[in-house]
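**Student:** Have a look at this one.
The values are calculated or read from the model by the stated rules, or taken from the named source; none is laboratory data. Nothing here was measured: the structure is a model prediction, and the numbers come from that model. Positions of Cβ are backbone-derived with ideal geometry, glycine not excepted, and every protein chain shown enters the neighbour counts. Each accessible area value is taken on the protein alone, full model and side chains, heavy atoms only, with ligands, DNA and RNA left out. Shrake-Rupley method; radii C 1.70, N 1.55, O 1.52, S 1.80 Å.
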Amino acid sequence: MYDYKAAFQTAVEQVKSEGRYRVFADLKRVRGEFPKAIRRREDGTSQDVIVWCSNDYLGMGQHPAVLEAMQAELDAVGAGAGGTRNISGTTRWAVDLEAELAAWHQKEAALLFTSGYVGNEATLSTLQKILPGLITFSDALNHASMIAGIRNGGCERHVFRHNDLEHLEQLLASAPADAPKLIAFESVYSMDGDIADLAGTIALAKKYGAMTYLDEVHAVGLYGETGAGVAERDGLLEQIDIIECTLGKAIGVMGGYIAADAVVVDAVRSWASGFIFTTSLPPALTAGALASVRHLKTHPELRAAHQARAAELKRRFAQVGIQVMDSSTSHIVPVFVGDPVHCKMVSDMLLEEFGVYVQPINYPTVPRGTERLRFTPSPDHTDEMMDALVSAMDALWTRCNVARMPSAA
């Protein structure tokens, strides 16, 4: 008889042997005290920690306007959505949120999903049903959800070297001129912190008759005059065909969405299994997300403070020779380690000894040999918190003999 349990154990042991076994930190965030949290250890004791790797980039998950909106809706209508929108109907906040998101991205319509992952997978696979013979051109560092959607659609696909428009054009030029085409890429790449050339990509799409699909999950709320993302910052919103974003990062709640022409959104709504057969977002979440978006649109000072904090942390790391990977164009602060075992070891030491929580980023999230610690400072991370972090990192880089760069003046 086949030993099923042994097969699962072997799979787990393989991950452990490669130094990339993941252990979740048991953290309790404290309302109004972001980025502070309380960690519960395995022995039942507790520890105060500072969270340095949250994707709640602006602390909006703790903002009074968001919490008040969620509580009011919870009190008014209850907890769950009751099922899919097709069966249980839609809610007022979902309709209002979609309208707000569409206007934010200068599109005719928007469609909510239960997460950014589901939004990408469902939309990218569904486009291949709607457009038979679609050829998709995907950036090599696209998120796993984009890769899954492109693969699951079953049509022809090509991967171009990361942010390499020359390679992309070579692939586009070799495709049949009359075939439907889609270029799928991100604005801010969350692990390296670099930003795509949106204008150059759009120009190629127009030249070769392709649609553009832009993932802005690590940019929405953070870039542009009203926070609509890099496409808004660069004045290119109207030239992107489909924009995909999340409600779970800078917006601080949960969910995902696409924004596009009304007919595109209607077709995806009508064909995407990942939308049709999934219970919709609870009313409290959509109410909170709407409050967050409205707040972010009118508070550019949050975005300015966020960028300033990221630049300051990069400067402080450079002063002690800690190698920040080239992410000068974005808010991401990736610190290179280059080995999965050392990366996890440093992460564990930071947590146990210094109360600093930052997760190791190992394969398959990043390529082998590029393991790193990824810091995401927010406007709420103070100078004192940065002093403590840099001091801890400096001490561990010496103790663990991690390679340094020449110290910045």
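**Student:** What do you reckon, is ALA76 over 26 Å from GLY227 (Cα atoms) and either open to solvent by less than 30 Å² (accessible area, probe 1.4 Å) or more than 21 Å from the chain's Cα centre (by Cα) (or both)?
**Tutor:** Values: over 26 Å from GLY227 (Cα atoms): yes; either open to solvent by less than 30 Å² (accessible area, probe 1.4 Å) or more than 21 Å from the chain's Cα centre (by Cα) (or both): yes.
Answer is yes for this residue.
**Student:** Can you work out which of the residues in the range 126-152 that are closer than 18 Å to VAL265 by Cβ and without any contact (Cβ under 8 Å) to a residue 40 or more places away in the chain is surrounded by the fewest Cβ atoms within 10 Å (Cβ to Cβ)?
**Tutor:** Checked the range 126-152; the qualifying residue surrounded by the fewest Cβ atoms within 10 Å (Cβ to Cβ) is GLN128.
**Student:** Shifting gears a bit: What tally of residues in the range 187-241 results from selecting those that are among the acidic types (Asp, Glu) and within 21 Å of GLU156 (Cβ to Cβ)?
**Tutor:** If we filter the range 187-241 for residues that are among the acidic types (Asp, Glu), which is where we start, we get 192, 194, 197, 215-216, 225, 232, 234, 238, 241.
Still in the list and also within 21 Å of GLU156 (Cβ to Cβ): 215, 241.
Final tally of qualifying residues: 2.
**Student:** If you check GLU301 against the conditions, is it over 22 Å from GLY224 (Cβ atoms) and of a type outside the set (S, T, N, Q)? It would help to see each step written out before you state the result.
**Tutor:** Values: over 22 Å from GLY224 (Cβ atoms): no; of a type outside the set (S, T, N, Q): yes.
Answer is no for this residue.
**Student:** If GLY355 satisfies every condition in (1) farther than 22 Å from ARG29 by Cα; (2) small (Gly, Ala, Ser); (3) open to solvent by less than 50 Å² (accessible area, probe 1.4 Å) but one, which is the exception?
**Tutor:** Condition (1) is where GLY355 drops out.
**Student:** Continuing with this model, one more query. Say we look at the range 273-316 and pick out the residues that are touching a strand residue (DSSP E or B) at 6+ places or on another chain (Cβ under 7 Å) and under 25 Å from GLY193 (Cβ atoms); which of these is surrounded by the most Cβ atoms within 10 Å (Cβ to Cβ)?
**Tutor:** ALA310
**Student:** With ALA94, ALA79, ALA69 as the choices, which residue is more than 27 Å from PRO360 (Cα to Cα) and part of a loop (DSSP other than H, G, I, E, B)? Quick ask: steps written out before the conclusion?
**Tutor:** Values: ALA94 fails: part of a loop (DSSP other than H, G, I, E, B); ALA69 fails: part of a loop (DSSP other than H, G, I, E, B).
Answer to the selection: ALA79.
**Student:** Quick check on ARG269: is it out of contact with any Pro (no Cβ under 9 Å at 6 or more places or on another chain) and charged (D, E, K, R)? Break it down into steps so the answer makes sense when it comes.
**Tutor:** Working: out of contact with any Pro (no Cβ under 9 Å at 6 or more places or on another chain): yes; charged (D, E, K, R): yes.
Yes.
**Student:** Follow-up. Taking only the range 170-186 into account, find how many residues are surrounded by fewer than 17 Cβ atoms within 10 Å (Cβ to Cβ) and of a type in the set (Asp, Glu).
**Tutor:** 1
**Student:** So GLU166 passes all but one of these: (1) open to solvent by 40 Å² or more (accessible area, probe 1.4 Å); (2) touching a helix residue (DSSP H, G or I) at 6+ places or on another chain (Cβ under 7 Å). Which condition number does it fail?
**Tutor:** Evaluating GLU166 over (1) open to solvent by 40 Å² or more (accessible area, probe 1.4 Å); (2) touching a helix residue (DSSP H, G or I) at 6+ places or on another chain (Cβ under 7 Å) leaves (2) as the failure.
**Student:** Being part of a loop (DSSP other than H, G, I, E, B) and more than 19 Å from the chain's Cα centre (by Cα) is the requirement here; does ALA199 meet it?
**Tutor:** Numbers: part of a loop (DSSP other than H, G, I, E, B): no; more than 19 Å from the chain's Cα centre (by Cα): yes.
In short, no.
**Student:** Please state which one of LEU302, LEU296 is more than 22 Å from GLN71 (Cα to Cα), assigned to a helix (DSSP H, G or I) and at pLDDT 95 or above. Talk me through it step by step, then tell me what you get.
**Tutor:** Details: LEU296 fails: more than 22 Å from GLN71 (Cα to Cα).
Of LEU302, LEU296, the one residue that is more than 22 Å from GLN71 (Cα to Cα), assigned to a helix (DSSP H, G or I) and at pLDDT 95 or above is LEU302.
**Student:** I'm trying to understand the selection: among the residues of the range 317-337, which are surrounded by fewer than 20 Cβ atoms within 10 Å (Cβ to Cβ), under 22 Å from the mean Cα position of the chain (by Cα) and either modelled with pLDDT of 90 or more or hydroxyl-bearing (Ser, Thr, Tyr) (or both)? First the steps, then the outcome.
**Tutor:** First, pick out the residues of the range 317-337 that are surrounded by fewer than 20 Cβ atoms within 10 Å (Cβ to Cβ): 318-321, 323, 325-326, 328-329, 336.
Narrowing the set further to residues that are under 22 Å from the mean Cα position of the chain (by Cα) leaves 325-326, 328-329, 336.
Within the range 317-337, MET325, SER328, THR329, PHE336 meet the criteria.
**Student:** Out of all the residues in the range 12-57, which are open to solvent by 60 Å² or more (accessible area, probe 1.4 Å), part of a strand (DSSP E or B) and either touching a residue at least 12 places away in the same chain (Cβ under 8 Å) or touching a Gly at 6+ places or on another chain (Cβ under 8 Å) (or both)?
**Tutor:** Result: LYS28, ARG29, LYS36, ARG40, ASP48.
**Student:** If I filter the range 361-409 down to residues being part of a strand (DSSP E or B) and aliphatic (A, V, I, L, M), which single residue comes out as farthest from the chain's Cα centre (by Cα)?
**Tutor:** Going through the range 361-409, the residues part of a strand (DSSP E or B) turn out to be 361, 372-375.
This time we only want the ones that are aliphatic (A, V, I, L, M), so: 361, 373.
Values: ILE361: 14, LEU373: 16 Å.
Per the criteria, the residue is LEU373.
**Student:** Six or more apart or on different chains, Cβ atoms under 6 Å: show the pairs whose first residue is in the range 299-317 and more than 20 Å from GLY61 (Cβ to Cβ) and whose second is not in a helix (DSSP H, G or I).
**Tutor:** LEU313/VAL333; LEU313/PRO377; LYS314/VAL324; LYS314/VAL333; PHE317/VAL324
The rows are residues; the columns are (1) in contact with an Asp or Glu (Cβ under 6 Å, 6 or more places away or on another chain); (2) of a type in the set (D, E, K, R); (3) at pLDDT 95 or above.
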| position | (1), (2), (3) |
| --- | --- |
| GLY32 | no, no, no |
| PRO35 | yes, no, yes |
| TRP93 | no, no, no |
| LEU97 | no, no, yes |
| GLU100 | no, yes, yes |
| LYS107 | no, yes, yes |
| GLY119 | yes, no, yes |
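**Student:** Which residues, taken from the range 70-85, are farther than 18 Å from SER292 by Cβ and either of a type in the set (Asp, Glu) or modelled with pLDDT under 90 (or both)?
**Tutor:** ASP75, the sole residue that qualifies.
**Student:** Sort out which residues of the range 93-108 are open to solvent by 50 Å² or more (accessible area, probe 1.4 Å) and touching a residue at least 60 places away in the same chain (Cβ under 8 Å), and write them in order of number.
**Tutor:** If the condition is that a residue be open to solvent by 50 Å² or more (accessible area, probe 1.4 Å) and touching a residue at least 60 places away in the same chain (Cβ under 8 Å), then TRP93, ASP96, GLN106, GLU108 are the ones that fit.
**Student:** Any idea how many residues of the range 214-245 are open to solvent by 10 Å² or more (accessible area, probe 1.4 Å), outside any loop (DSSP other than H, G, I, E, B) and in contact with a Ser or Thr (Cβ under 7 Å, 6 or more places away or on another chain)?
**Tutor:** Within the range 214-245, residues that are open to solvent by 10 Å² or more (accessible area, probe 1.4 Å), outside any loop (DSSP other than H, G, I, E, B) and in contact with a Ser or Thr (Cβ under 7 Å, 6 or more places away or on another chain) number 1.
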